[in-house]
Every structure is written in C-alpha cells, then in structure tokens.
1. Residue check, residue 534 against (1) in a loop (DSSP other than H, G, I, E, B); (2) over 21 Å from residue 221 (Cα atoms); (3) in contact (Cβ under 8 Å) with a residue 12 or more places away in the chain, all met but one. Which one?
2. Within segment 439-452, is there a residue that is among the polar types (S, T, N, Q), touching a helix residue (DSSP H, G or I) at 6+ places or on another chain (Cβ under 8 Å) and within 16 Å of ligand 3 (Cβ to nearest atom)?
3. Among the residues in segment 386-396, are any under 24 Å from residue 513 (Cβ atoms), outside any helix (DSSP H, G or I) and without any contact (Cβ under 8 Å) to a residue 60 or more places away in the chain?
4. Looking at segment 440-468 only, could you name the residues that are within 10 Å of ligand 1 (Cβ to nearest atom) and either in the same structural domain as residue 133 (by TED's automatic domain parsing) or surrounded by 23 or more Cβ atoms within 10 Å (Cβ to Cβ) (or both)?
5. Go through segment 481-501 residue by residue and tally those that are surrounded by fewer than 24 Cβ atoms within 10 Å (Cβ to Cβ) and either closer than 18 Å to residue 99 by Cα or not hydrophobic (A, V, I, L, M, F, W, C) (or both).
6. Kindly evaluate residue 422 against the criterion of being in contact with a Gly (Cβ under 8 Å, 6 or more places away or on another chain), at pLDDT 95 or above and not charged (D, E, K, R).
7. Looking at this structure, is residue 476 within 16 Å of ligand 1 (Cβ to nearest atom), in contact with a Ser or Thr (Cβ under 8 Å, 6 or more places away or on another chain) and either assigned by TED's automatic domain parsing to the domain that holds residue 383 or closer than 30 Å to residue 71 by Cβ (or both)?
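The values are calculated or read from the model by the stated rules, or taken from the named source; none is laboratory data. All of these numbers come straight from a predicted model, not from anything done at the bench. Cβ placement follows ideal geometry from the backbone for every residue including glycine, while neighbour counts extend to all protein chains displayed.
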Amino acid sequence: MSSDANTPVLRNCIRLPLPEEELLEVTAKAKDYAIMHGAAMRSKTAFSPDSLNFAPFVLVPSSFPRKEFEKAVALQPIINRLMHNVAHDEEFITTTLAETIKVDEFTANLFNIYRKVLAHGFTQKISLGMLRSDLMLESGCPELSPRALRTTAGEDAAADVGKGAGTAAAGTGRKEEEKEEQKEHRENQLSRATKERERRATGIQSAYCCWKQVEINTIASGFGHLGPASKTIQRFVLSELGHADKLHNMPNNNALAGLCDGMVKAWDIYAKPKAVILFIIEDVSYNICDQRFHEFYIRETYPHIKVLRRTLTDVHREGKLGLAKELLLGTQEVAVIYFRAGYEPGHYHSQAEWDARYLMETSLAIKCPSIHYHLAGTKKVQQALAQPAVLERFINDPEEIKAVGKIFTGLYSLDDNEAGNASYEMALRTPERFVLKPQREGGGNNVYGVDIPDALKRMSRVERSAWILMDLIHPPLTKGYMVRPGGDMPPQIVDMVSELGIFGVVIGDAEHIVHNYQAGHMLRTKLSTANEGGVAAGLGALDSPYLI
Ligand code: ADP
Ligand code: MG
Ligand code: MG
C-alpha cells in the first residue's frame with residue numbers, strides 16, 4: 001500500500017505511547033473483555049468448534065473526521081435507493097455485465113439464474129437488501145463535482161484537477177459547462193484554503209480528507225455484531241485509562257439491531273407466523289460470532305421467530321418447493337433467506353449448490369440478497385455507475401446525484417473496446433496509481449500497483465473484461481496498538497489505515513420501497529503496509545471511529 005513520509009497522520013484520541021505497565025495491564029484486560037463479549041472468531045490455524053479466539057482489535061479507537069462520518073451516514077438511504085433501483089433495472093444489469101459474463105464463469109452462473117428467473121417471472125417480488133457501503137478517506141482530495149468529472153477528459157483531467165477525476169470520457173467542451181467548471185474549481189481552491197486555515201488553527205489534519213467509496217456489498221455484509229462489539233471493547237479501554245470524558249465522541253452503533261430488524265420486517269411482510277428465517281452458511285464458519293449474535297438477537301427479541309442454519313449443500317438435499325412455491329426444509333416453511341455464503345466460487349462444490357441457489361431464487365421466500373441484488377453489487381456495476389450521466393438513470397434529485405457522484409474515485413472499464421483499451425494502456429503506463437479488481441467478494445482477490453502490468457499481460461483482450469481498474473485511495477495514517485491472538489505483549493505502536501463500512505437496509509419491490517434506513521457502521525483497520533485488511537483473513541483488526 002502506498003503511504004510515505006508525506007501521508008497525513010490523524011491526531012490520536014489520547015496521548016500515546018502508554019507507560020508499559022499500564023499498557024500490559026489494559027491489553028490483558030481488553031483481550032478477556034473481547035472474548036467475553038463475543039468479539040471473537042474460530043481459529044483458522046487451530047480450529048475447534050468448541051473454542052474461540054478474540055478477534056484482532058485496535059486498542060483505542062481510531063480518529064475519523066466527524067463531518068465525513070456524518071456525511072456518509074446521511075448518504076446511506078440514498079445509496080440504498082440507488083442500489084434498489086439498479087437491481088431492478090434489467091436492461092442496465094444485462095448490458096453492464098454482457099462482456100464480463102462471456103469470460104467470468106462465476107458471474108455467468110449467477111447471471112444464468114437471473115435470466116431463468118426473469119423468464120419465469122419473480123415468484124417473490126419483494127427483496128431484502130442489507131448493504132454495506134465501504135469507504136476510505138482520501139488525503140487531501142479536492143472536492144470534485146460530478147460536473148467536473150463529466151466535462152473534463154480522461155487521464156489528463158485527473159492530473160489537472162486532482163486524483164479521482166478519471167471517470168470522465170471525452171468532454172463535451174460546451175462553453176457554459178466549462179465556465180461552470182472553472183467556477184467550481186475556484187470554489188474548491190477557496191475551500192481548500194479555508195480548510196488549511198482550519199487545520200493550522202486546530203492541529204487537525206482531517207480537514208483535508210474526504211471519503212471515497214471502496215465498494216458496495218449487497219451479499220453477506222458482515223460485522224453487524226463485530227462493529228458494535230469493537231466499540232464496546234474500546235469504550236472499556238478508554239474508561240480503564242481514565243478517559244471516560246471522551247466516550248461521547250464514539251458514535252452510537254446499532255448495527256446488529258438494525259440488520260436483524262430488517263430481517264424481521266421482511267418476515268412480517270411474508271406474514272406466516274410459523275415460517276422461519278434461514279441463514280445460508282459456509283461449510284465452516286470461522287466468523288461465527290458475527291452470525292450467531294444475529295440469530296440470538298432475533299431469538300431473544302422475537303422469541304416466536306425461529307432461525308435455521310444450512311449450507312447450500314444442505315438446501316439441495318432437504319429443500320423443495322410447496323404448491324405455492326414456498327420453500328420447505330422438511331416441513332418447515334422459510335420466510336426469509338439470509339445469505340452469509342454463496343458469494344464465491346468455492347461455496348459451490350458442484351451443480352448441486354447451484355441448483356439449491358436456483359431453487360431458493362424461484363421460491364416465495366424473501367431473499368437477502370435476491371439474485372438481481374447480488375448482481376447489482378458486482379464491481380463491474382459499481383464501475384458502470386461511476387461513468388458520466390449514469391446516476392441520472394437511477395436518481396431524480398440533482399443534489400443527490402451530486403452528493404453520490406462525489407464519492408466515486410476513478411473507475412475504469414477494461415472491456416475490449418476503445419475506452420477499455422485506453423484504460424489498459426493507462427494501467428501499463430502508471431500502474432502505481434491503481435488497483436485491479438475481479439468480480440469477487442470476500443477479500444484477497446485484487447492486484448495492486450506494480451503487480452498490475454504482469455497480471456494484465458497474462459490475460460487475453462476478452463479476459464480483461466472480467467476485471468475493472470480503480471484509482472487507489474490514499475488514506476491518512478493513524479498510529480496505535482493492534483492486538484492479535486499470539487501477538488507481541490506489550491503490543492507495539494504501528495502505522496495504520498482504516499476502512500469504514502456503513503450499513504443500510506432497504507426492502508421493497510420494483511415499484512415501491514417500503515423500508516429504507518441506515519443501520520449502523522463498522523470500522524476495520526489494517527497496517528498501512530498491507531494491501532487488504534480482512535479481519536477474518538487475519539490482516540485487519542476491529543476498530544471503531546473516534547470523531548474529531
Ligand atoms: P472485496 O469485495 O473482496 O472486499 P474490495 O473492493 O473491498 O473487495 O477490496 C478489498 C480491499 O482492498 C479493501 O478492503 C481495501 O483494503 C483494498 N482496496 C480496494 N479498493 C481500494 C482502493 N481503490 N484504494 C485503496 N485500497 C483499496
Ligand atoms: Mg465486497
Ligand atoms: Mg470489501
């Protein structure tokens with residue numbers, strides 16, 4: 001990951017380093033606190049279904065600019081609606097994925113299910129979306145308007161107005177738009193000057209950051225429990241260290257309740273008192289707390305609703321459709337299906353698992369996600385949404401279009417056409433500016449910076465259309481202690497960067513949205529030298545924002 005001596009550092013919430021004795025004591029307590037509050041996972045190296053390790057965590061919360069946090073929270077319902085509309089736009093999904101599915105077998109299999117369901121008509125018109133929009137702060141980014149993105153040309157525009165302008169295609173060159181753009185550019189410069197004054201006055205370097213979307217997840221958006229649990233640990237640590245007065249800067253986080261209530265609202269819509277909620281799980285769930293706490297919350301809050309856990313293979317064996325196409329597992333009718341698996345090829349061991357997915361898709365159960373929601377969450381769709389004038393197709397309000405447009409950093413198609421070939425050349429020329437992404441979820445699939453040319457050269461022209469290219473985001477650093485099972489005691493201070501995820505719940509059909517709300521957040525933090533920061537993958541650590 002590219003961070004250097006010029007990368008800004010966010011102010012810590014408390015003075016570090018801690019005296020060694022105090023650090024040792026509070027870290028040992030915090031580890032126990034984490035295990036005893038379910039901030040835990042099954043060990044991958046010494047797996048046992050009978051024990052848990054605490055999940056890696058950052059000892060004290062990482063600073064995050066309040067204004068950017070609040071903007072992200074406020075934008076979530078708009079993003080929810082956007083994704084809901086995208087998922088229901090058959091033409092957009094079909095055209096956007098047309099090239100990708102020619103070469104990406106996994107996406108093609110998902111798309112085939114979509115095509116078959118479309119041909120027979122949707123049995124269940126309502127979808128349950130439980131989204132997580134992931135974002136990182138971009139250090140020193142100028143505030144670009146969608147207009148600036150639209151009217152300036154490609155790579156040169158990026159150099160001209162700053163990182164992130166590269167979504168532009170050829171400019172229209174219209175005089176009025178140019179004038180408008182110059183005005184906005186001047187305003188940006190003015191606001192940067194104001195921010196610089198603010199920074200000098202407060203010593204907070206956050207004034208220079210604005211957030212950019214990393215991706216949006218529509219399937220298995222995890223950390224609904226671990227997000228709030230991270231706050232609980234860090235609240236305990238701050239109190240232990242004598243900083244209870246600072247706790248009000250840690251925002252409320254009701255992600256678990258928000259997401260589970262979403263499932264229950266869908267269950268209510270299904271309106272069969274005996275029907276169950278089904279979690280689709282992997283063969284082995286390492287991230288078990290982040291699923292069981294959902295189950296336990298539902299059971300404790302709504303004792304009449306039962307939760308079942310089944311793999312795709314189990315559903316193939318046990319599942320069938322009833323007369324009204326209700327999904328039956330034995331004699332139990334399923335109202336809501338919550339997929340915590342099914343997002344990567346490894347979850348489908350054979351045709352049996354694909355058949356199970358299709359069976360569920362054709363059933364009356366309300367799916368999270370339904371197949372069109374799953375496809376709407378692909379990287380290819382994200383890339384298409386960031387193209388000029390595309391948002392207008394899904395959002396009516398110009399202010400909302402502007403607000404959403406600002407969160408995109410440069411995203412480029414690698415399809416085998418003029419624009420795609422230009423992006424390919426650009427990636428070979430300046431690979432250090434980019435990350436290369438396939439249509440996969442769950443981390444560990446991307447190619448970064450200098451590794452990109454070799455990866456691209458190994459692909460044929462058509463194979464490239466399974467991938468997209470994205471500008472790297474350069475987040476500011478925080479400094480703190482990362483605590484891992486088996487890690488150094490006392491932990492050392494390290495340089496870290498964070499990724500914030502905002503949860504959203506949206507329920508509705510093609511015509512109506514019946515529920516739409518923001519549902520809490522999660523923060524994951526990784527070493528600044530790591531490309532990716534999956535906590536389950538062992539690279540990242542649980543964290544929560546301290547608003548400055
Ligand atoms: P996945 O769906 O597998 O989680 P992501 O797009 O979230 O894929 O990429 C995985 C990780 O790679 C992110 O969590 C982040 O750490 C890093 N990453 C992705 N895109 C960018 C980017 N544009 N700039 C910097 N880091 C990125
Ligand atoms: Mg993802
Ligand atoms: Mg991700």
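1. Failing condition for residue 534: (2).
2. Yes, segment 439-452 has at least one match.
3. Within segment 386-396, one or more residues are under 24 Å from residue 513 (Cβ atoms), outside any helix (DSSP H, G or I) and without any contact (Cβ under 8 Å) to a residue 60 or more places away in the chain.
4. 468
5. Qualifying residue count for the region: 10.
6. So residue 422 fits the description; yes.
7. yes
The rows are residues; the columns are (1) out of contact with any Leu (no Cβ under 7 Å at 6 or more places or on another chain); (2) part of a helix (DSSP H, G or I); (3) under 18 Å from residue 518 (Cα atoms).
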{"site": "227", "(1), (2), (3)": "yes, yes, yes"}
{"site": "230", "(1), (2), (3)": "no, yes, no"}
{"site": "236", "(1), (2), (3)": "yes, yes, no"}
{"site": "247", "(1), (2), (3)": "no, yes, no"}
{"site": "256", "(1), (2), (3)": "yes, yes, yes"}
{"site": "296", "(1), (2), (3)": "yes, yes, no"}
{"site": "303", "(1), (2), (3)": "yes, no, no"}
